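Accompanying notes for the structure given below.
Every read-out reported here was derived from the displayed coordinates using simple, explicitly stated rules and does not represent laboratory data. Here the structure is a predicted model, which is why all the values come from computation and not from measurement. Here the Cβ positions follow ideal geometry from the backbone for every residue, glycine too, while neighbour counts run over all protein chains shown.
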Amino acid sequence: MQRDSFARRLGRRWPWIVAVVVVAVAGFTVYRLHGIFASGDVTATPSGSDSQIVPFNPKHVVLDVFGPPGTTATVTYLDVHAQPQKALGVALPWSYDAITTDPAVFVNVAAQGDSDSIGCRITIDGEVKDEKQVNTLNAYTFCLDKSG
């Protein structure tokens, strides 16, 4: 009779017992793995270290829009930080010149003028990356470089 009572109590509580055993085994396993992979080692940098990043390999970016003398244009472009910019009614030739230490440069320039000819050019470090010229009424052109 006493044995039957024990089996009945155990029968109702066995899921809890199994859960406690699983949690204990998992905790012990994690503890041992932390010791094996040395995650208890603390790496610290000296307090006097200089954490400033020194710029390297600066890029010189030039965006040009050109056309016949007296032409005005609306120019939209992405600057060296890929932020959209707009210049309304600028006289051509127009130029954006910047230096950046960003590891990659994504630049774009688009322009529409009030003449029948307009062109654009993207130059990075003295190398022409893209250049286009269009000859049509109220000419529109764009240049793009995503590899700079």
With θ taken as phi - 60° and the coefficients 6.51, -1.76 and 1.60, list the Karplus ³J(HN,Hα) couplings across segment 113-124 in order, rounded to whole Hz; mark glycine and proline as x. x, 9, 10, 9, 8, 7, x, 9, 8, 10, 10, 10
At 7 Å along Cα-to-Cβ for each site, give me the label-to-label distance between Arg12 and Tyr31 in nm. 3.2
Positive-end residue, segment 59-145 charge dipole about Cα centroid, Cβ charges, pick of Ala104, Tyr77, Asn138: Asn138
